[in-house]
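Bear in mind these aren't lab numbers, they're just calculated from the coordinates by the rules spelled out. These figures come from a predicted structure and were not determined experimentally. Methodologically, a virtual Cβ is constructed for each residue, glycine included, from the backbone with ideal geometry; neighbour enumeration extends over all protein chains shown.
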Amino acid sequence: MGVILERHWKNRNVNIDLLVDSLVDFFKKMDFGIVKGKTSTGYAIIASDSSIFQINGYVTVEIEGKPEDFTIKFEVHEEESSTRFFSPLLMTMFGGGYFLSKRLKSREACIRLEREFWNYVNRILP
């Protein structure tokens, strides 16, 4: 499990359906495969397999609340690998440098995606 990044907005009158559609468009522009669904408290978006962001896993976004009081949760779920039990030193000594490099690149992509996502959200919300 990744770190859940959550932001809350109050005293806004936002069309939640349009917000969700805009977030889906954001992920589509970033070449993610998308699954969108309605939940008991709002919406959930699952995004994976982007050719732009080489993330070893998938992203979930949850939008919960009412138009005037809502929360957006962003979480990256990185897939566990068999190399997670080894220290970085052991991984580089025994040819695992490739896997360490891949994991670091995935984390860098996650950070970049998170930054771009929140910048996008800030631009589209009134």
Reach of Lys29 by Cα under 13 Å, taken over aspartates and glutamates that are not fewer than 8 positions away in the same chain: Asp21, Asp49, Glu116
Placing each pseudo-label 7 Å from Cα in the direction of the beta carbon, Asp31 and Ile111 end up separated by a distance in nanometres of 2.3
